[in-house]
Amino acid sequence: MSILHAKNIHAYFGTNHIVKGISLETEPHQVTAIIGPSGCGKSTFIRCLNRLHEETPGARAEGSVIIDGENIYGERVDPVSIRRKVGMVFQKPNPFPGMSIFDNVIIGLRLTGEKNKEVLASVAEESLKDAALWDEVKDKLKTPGTSLSGGQQQRLCIARALAVEPKILLMDEPTSALDPIATSKIEDLLSKLKKKVGIIIVTHNMQQAARISDTTAFALMGELIESGPTSSIFTAPRMQQTEKYITGRFG
Amino acid sequence: MKSLKQRQLINTCVHILLVGACLVSALPLISIFTYIVLRGAPGLSLHFFTGLPQPIGEPGSGMGNAISGTFVLLGIASGIGIPWGLVAGIFMTEYRDTRMASCVRFSAELLSSIPSIVIGLFIYEQIVLRMHHFSALAGGLALSIIMIPTIARSTEEQLLLIPAHIREAGLALGLPRWKVTCHILLPGIIRSIMTSMMLAIARISGETAPLLFTAFGSRFWPESIFEPIASLPIQIYNLAISPFEEWHQQAWTGAFILALFVLSLNIATRLVMRQKEPLS
Ligand SMILES: Nc1ncnc2c1ncn2[C@@H]1O[C@H](COP(=O)(O)OP(=O)(O)O)[C@@H](O)[C@H]1O
Ligand SMILES: [Mg+2]
């Protein structure tokens, strides 16, 4: 049973056709990596999976994405409720400015109506532990989130996304702004996290995809060239373009 | 190539010119303020702050009613103008590319260029004539209209400075747009917004023209917002055009207090700005 099944997704910015019919299925407890040269529409595609794409003025998307047996592009579906099931971590660490570490983590829950202080405190602790940040910040939860280092900020953003208990976590090149140590911390974290949430991660770093993912999908110019178990994509790609790309003989 | 001597000479000349330009541009401010202090400070006393205007020759005359009246007017103006301006600013950012937003933006621009006496006349026509008397409410309303465009535009500017991915991070948590704006984006720029509010208040606290035929003025303590009310600028004006030396002194002291108030608001604003948190 897949936890997310995207079928024939097309995405546009105005009249620019950016994503041209990508289909992708992801399994529970797995990390799915999407690789491909920059500008090929990876970000645009995963932003269709939580209906964030359409928030950009002039942008629209077509196709269907089945999560929990429900098409999130169905007619009566509220994008807001979809985004609670599908969390997102961005390329640049972006804790909310002027907000403490604690508030950053629980803001999603608090603004959806959770008022109980004990619940909020325990969710904050659990999410920060899941994001492997708890030990580093437990004594300074009141300090601004922006005062942390880049890697810590990114893990704070992961905790923030986890706190609303999504089923799937989308990550758009989450380590591209980080140094190698911070990067490997986040990579280690993913292998634990996938027990809780399905993970779809965009990366233009092929070594990273090979290290952390179970499934890899290769995209090129808005199309999905091939996808399959990571080991076979990297050792025995079926398509010539994939092989060119992973062996570095590609533009 | 010019010789070293020549270049040093040019350097010195330009230096002197620059310092001169600085002095010239600061001169009006410094001289006005010194003059106000020199003329106004001698009239300072306790009863200046606590007393009512008295007939010529009677002791204990003061501008207490005008000072408190100014605060009442500023309170009414802020109570109306700040929320109104905020809402307009938020609207302009949220519905950026709609025709309605451009309309709001354009009207804010027009509004800020309308002479304040015209705004006073408008309120006179619409409120004072209908209520059949001058009132603090009408005065505050006139002042609030002057505040609205300033606050609206600075709210819009500040909101636009927030990187788009911060808003998206809020949306990605499954929050409706308005909650993201009101509970995540606005708190993050609260300092800058406060700054623009303080500047807007400083700007209107010296306005005289729109108060002439709205708040009008009064010789008594403020009692109701539906009655005419005294204010520093109007009282200064009335005292200054009187033929009495004693009243002229009071006018100067009033001007001194008003200038001090505006100056401290501006300095406070600077202090708040200085510790502004960087946006990530
Ligand atoms: N906000 C936008 N408006 C218009 N075009 C955009 C926008 N964002 C991205 N694009 C275009 O979409 C294409 C794919 O971008 P993106 O999905 O970010 O690629 P990737 O993440 O694979 O590097 C690019 O050619 C880019 O020019
Ligand atoms: Mg991208």
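The residue list B:202, B:221, B:73 was ranked by how far each Cα lies along the charge dipole of the stretch B:48-274 toward its positive end, using unit charges on Cβ atoms, and B:202 comes out on top.
With both residues required to sit in the protein assembly as shown, DSSP beta bridges show an antiparallel share near 60%. The Cα atoms of the stretch A:177-225 give a gyration tensor whose axes a ≥ b ≥ c have a/c of 1.5 or more with a/b no greater than b/c, which makes the shape oblate.
Rounded if a/c is under 1.5, else prolate if a/b is larger than b/c, else oblate: which is the protein assembly as shown, with a ≥ b ≥ c the root eigenvalues of its Cα gyration tensor? Prolate, since a/c reaches 1.5 and a/b exceeds b/c. Just so you know, the averaged projected area of the alpha carbon convex hull for chain A sits at 13.8 nm². Build a GNM of chain A with springs between Cα atoms under 10 Å apart, and of A:214, A:179, A:103 the one that fluctuates most is A:179. Computed from Cα atoms, the angle from the helix A:150-162 axis to the main principal axis of chain A rounds to 90 degrees. Across q = 0.15 Å⁻¹, the stretch A:80-206 modelled as identical point scatterers on its alpha-carbon atoms has Debye log10 I(q)/I(0) values of -0.63, in the order of the q list. A straight Cα-to-Cα reach below 16 Å connects residue A:167 with the lysines A:85, A:192, A:194, A:195, A:196, residues fewer than 8 places away in its own chain not being considered.
What value, in deg cm²/dmol to 500, does the helix sum -39500 (n - 2.57) over DSSP H runs of n ≥ 4 give at 222 nm once divided by the residues of chain B?
Only helices count here, giving -23000 deg cm²/dmol.
Over chain B, the ratio between the Cα radius of gyration and 2.2 N^0.38 Å evaluates to 1.26.
From the alpha carbon centroid of the stretch B:1-56 to that of the stretch B:92-121 is 36 Å. In debye, nearest 20, what is the charge dipole magnitude of chain A about its Cα centre with +1 on Lys and Arg Cβ and -1 on Asp and Glu Cβ, if you could check? The calculated dipole for chain A is roughly 180 debye. Listed by chain and number, the lysines whose alpha-carbon sits under 18 Å from that of residue A:42, ignoring those within fewer than 8 places in the same chain, are A:7, A:20, A:92.
Cross-link reach is defined here as a Cα-Cα straight distance under 19 Å, omitting same-chain residues fewer than 8 places apart; for residue A:138 the lysines meeting it are A:117, A:129, A:185.
Antiparallel beta bridges, as assigned by DSSP with both residues in the stretch A:4-246, represent about 60 percent of the total such bridges. Between residue A:64 and residue A:78, residue separation times 0.36 nm minus the direct Cα-Cα distance comes to 3.6 nm. Since only A:149, A:108, A:174 are under comparison, the one whose Cα sits farthest along the positive direction of the charge dipole of the stretch A:108-209, derived from C-beta charges on Lys, Arg, Asp and Glu, is A:108. Shown for chain B are the DSSP H helices of 27 Å or more along their axis, judged by Cα atoms, with a mean Kyte-Doolittle hydropathy of at least -1.0: B:4-40, B:64-94, B:136-161, B:245-274. For the chain pair A and B, the interface hides roughly 2100 square angstrom of accessible area in total, found with a 1.4 Å probe.
Think of chain B as a dipole: +1 on every Lys or Arg Cβ, -1 on every Asp or Glu Cβ, centred on the Cα centre; then among B:169, B:262, B:47, B:169 lies furthest on the positive end. Counting Lys and Arg as +1 and Asp and Glu as -1 over every other residue whose Cβ lies under 9 Å from the Cβ of residue A:120, the net charge comes to +1. Indicate the gyration tensor shape class of the stretch B:1-153 (rounded, prolate or oblate), computed on the Cα atoms with a ≥ b ≥ c the square roots of the eigenvalues: a/c under 1.5 is rounded; otherwise a/b larger than b/c is prolate and the rest oblate. Oblate is the answer for the stretch B:1-153, as a/c is 1.5 or above yet b/c matches or exceeds a/b.
Return the carbon/sulfur percentage of the accessible area of chain A, one whole number, probe 1.4 Å, all protein chains in place.
50
The values are calculated or read from the model by the stated rules, or taken from the named source; none is laboratory data. This structure is a prediction, so every number in the text was calculated from the model and none was measured. Using ideal geometry, Cβ is built from the backbone for each residue, glycine included, and neighbour counts are taken over all protein chains shown. Side chains are part of the model used for accessible areas, which takes the heavy atoms of the whole protein and leaves out ligands, DNA and RNA. Shrake-Rupley method; radii C 1.70, N 1.55, O 1.52, S 1.80 Å.
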